[in-house]
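Structure record follows, encoded as structure tokens.
Quick note: the coordinates plus some simple rules give every number you see, no bench work behind them. Source: prediction; values computed, not measured. In this analysis, Cβ positions are derived from the backbone assuming ideal geometry, glycine residues included, and neighbour counts consider all displayed protein chains.
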């Protein structure tokens, strides 16, 4: 009787150590959670993403600068997206004015030391943001005090504000003009969804 072909998954796992199997299960669980969250984004946030892109593009076409701020992983997102707008995402095209308020260590440390960490972004907003500009505030919880202060300062100056958060949006949802809330309470999952939204934003600029 001919031997039945071995399932590829079984053949692979036979050569894994117990430690590797634990990592495999962890990776599987994480990827499934990410896929589930992105599926929710796909089915619930497409209109909001389109509105976000339209708002940012309209501001840029009127000569506005797009500012970004956030802490930790969200600071990395701020720098990531600002860079892709200034330089490029995929295609070569005219540069887009974008600034991450997370990159000037002298300003950040001076503001934190002299004014308090809650004002590291709002002080820069006060100095740099004009009424025609737009501030993108990234906070997985929506409750980061320095991001909230930046959004409030930008609004007081007449600039438009956008929030990228998770779960219920926190306090930021009530402060910004537009808030995209990723339907998850897990910081890492929210950040991965934010990455996709940021890439969609950059791709939309180049598509246009």
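Points worth noting:
- Among the residues of segment 68-92, the ones that are out of contact with any helix residue (DSSP H, G or I) (no Cβ under 6 Å at 6 or more places or on another chain) and more than 17 Å from residue 196 (Cα to Cα) come to 5 in all.
- For segment 31-47, taking the residues that are part of a helix (DSSP H, G or I), in contact (Cβ under 8 Å) with a residue 60 or more places away in the chain and in contact with a helix residue (DSSP H, G or I) (Cβ under 9 Å, 6 or more places away or on another chain), the one that is surrounded by the most Cβ atoms within 10 Å (Cβ to Cβ) is identified as 41.
Residues are listed down the side, and each one gets a yes or a no for (1) within 23 Å of residue 207 (Cβ to Cβ); (2) surrounded by 16 or more Cβ atoms within 10 Å (Cβ to Cβ):
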position: 65; (1), (2): yes, yes
position: 75; (1), (2): no, yes
position: 92; (1), (2): yes, no
position: 98; (1), (2): yes, yes
position: 103; (1), (2): no, no
position: 108; (1), (2): no, yes
position: 112; (1), (2): no, no
position: 119; (1), (2): no, yes
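- Selection status of residue 51, out of contact with any strand residue (DSSP E or B) (no Cβ under 9 Å at 6 or more places or on another chain), assigned to a helix (DSSP H, G or I) and within 22 Å of residue 134 (Cβ to Cβ): no
- Helices (runs of 4 or more DSSP H) contained entirely in segment 89-208, each with at least 2 residues that are touching a residue at least 40 places away in the same chain (Cβ under 8 Å) and more than 26 Å from residue 57 (Cβ to Cβ): 187-207
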